[in-house]
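Heads up: the structure comes next, in structure tokens.
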Amino acid sequence: MRIRVINPNTSASMTATIASSAEAAAAPDTVIEAVTPTMGPVSIEGHYDEALAVPGVLTEVARGVAEGADGFVLACFGDPGMDAAREIAAGRPVIGIAQAAMYVAALSARGFAVVTTLSRTAGRAWDLARAYGLGDRCKEVLACEVPVLAVDTAEDMVADLAREALTHDGVEAIVLGCAGMAEMAARVTAETGAPVIDGVGAGVGLVETMVRIGVGGCARGEYATPLPKTYTGLMEPFTVA
């Protein structure tokens, strides 16, 4: 099985972190292809960044389909372009790490909190929890106020916020709200005694499960192949024949 794990930003160092976590979670017979888009923002810290990350994500999904990938993980907590990616994935599973982490947290506990990077991204986390039907299970979104590209220096703050969140009513598990936090899950779990979910590992595991039991992504209705259409200007390469 080959899973393409797409880092929607263009930071190669973050792709390396993501690759390490994905490989640690993958089964021995799963090949992880961690890729960095050739276009897009160097980090994703708001709606503008997220919107401009989507063309790079879609390019990597299309390339993965052509090269025989069995499924895709979108390794940014905003799940940028996930619905559009499903339209061009030719029936292959596409899972974003926020969706994966929140669903696994909901299977693990009655309520969870998200620990994220900047408070300006908290609204997006709440929106996704509601969109995934988990608005009542997500109890808190806490930010360590460290930029995405410096999040590897914030492990102590992430652990402290996780401990704080677990003192709040209904919080029984922690979701790490950034792909750059992926390698912190084991330490924070050990220090808190609570389930701490890294979306990269959760996404890889869910894609593996879907592929192994023969459940692909839907390729009809809303997720059918995009209608043929001409795109102009910078978007011309995305024209659908």
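Only one of 107, 134, 142 is of a type in the set (A, V, I, L, M) and buried (at least 20 other Cβ atoms within 10 Å of the Cβ); which?
142
Yes or no, residue by residue, for (1) under 22 Å from residue 104 (Cβ atoms); (2) not in a helix (DSSP H, G or I):
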| site | (1), (2) |
| --- | --- |
| 24 | yes, no |
| 28 | yes, yes |
| 34 | yes, yes |
| 48 | no, no |
| 53 | no, no |
| 65 | no, no |
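Just one of (1) part of a loop (DSSP other than H, G, I, E, B); (2) in contact with a strand residue (DSSP E or B) (Cβ under 6 Å, 6 or more places away or on another chain) trips up residue 86, so point out which.
Here residue 86 clears every test but (1).
If you check 83, 70, which single one turns out to be modelled with pLDDT of 95 or more, surrounded by fewer than 18 Cβ atoms within 10 Å (Cβ to Cβ), among the charged types (D, E, K, R) and not assigned by TED's automatic domain parsing to the domain that holds residue 152? Explain how you work it out, then say what you get.
Values: 70 fails: surrounded by fewer than 18 Cβ atoms within 10 Å (Cβ to Cβ).
Of the residues listed, the single one that is modelled with pLDDT of 95 or more, surrounded by fewer than 18 Cβ atoms within 10 Å (Cβ to Cβ), among the charged types (D, E, K, R) and not assigned by TED's automatic domain parsing to the domain that holds residue 152 is 83.
Could you please find all residues in the range 21-45 being over 14 Å from the mean Cα position of the chain (by Cα), within 23 Å of residue 196 (Cα to Cα) and of a type in the set (Val, Ile, Thr)?
Hit for the range 21-45 is 32, nothing else.
When the residues of the range 16-50 are narrowed to those that are touching a residue at least 24 places away in the same chain (Cβ under 8 Å) and hydroxyl-bearing (Ser, Thr, Tyr), which ends up farthest from residue 151 (Cα to Cα)?
30
Any idea which of 143, 182, 131 is modelled with pLDDT under 95, of a type in the set (A, V, I, L, M), outside the structural domain of residue 82 (by TED's automatic domain parsing) and touching a helix residue (DSSP H, G or I) at 6+ places or on another chain (Cβ under 9 Å)?
182
Every residue, every condition in (1) in the same structural domain as residue 215 (by TED's automatic domain parsing); (2) of a type in the set (A, V, I, L, M, F, W, C); (3) more than 24 Å from residue 4 (Cβ to Cβ); (4) in a strand (DSSP E or B), yes or no:
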| residue | (1), (2), (3), (4) |
| --- | --- |
| 92 | yes, no, no, no |
| 102 | no, yes, no, no |
| 106 | no, yes, yes, no |
| 123 | no, no, yes, no |
| 150 | no, yes, yes, no |
| 156 | no, no, yes, no |
| 159 | no, yes, yes, no |
| 170 | no, no, yes, no |
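Being among the acidic types (Asp, Glu) and touching a residue at least 24 places away in the same chain (Cβ under 8 Å) is the requirement here; does residue 236 meet it?
Criteria not met by residue 236.
For residue 53, work out the one condition from (1) surrounded by fewer than 22 Cβ atoms within 10 Å (Cβ to Cβ); (2) farther than 20 Å from residue 201 by Cα; (3) without any contact (Cβ under 8 Å) to a residue 60 or more places away in the chain it doesn't fulfil.
(1)
The values are calculated or read from the model by the stated rules, or taken from the named source; none is laboratory data. What you see is a predicted model, and the numbers here were worked out from it, not measured in a lab. Glycine gets a Cβ as well: all are built from the backbone with ideal geometry, and neighbour counts include every protein chain shown.
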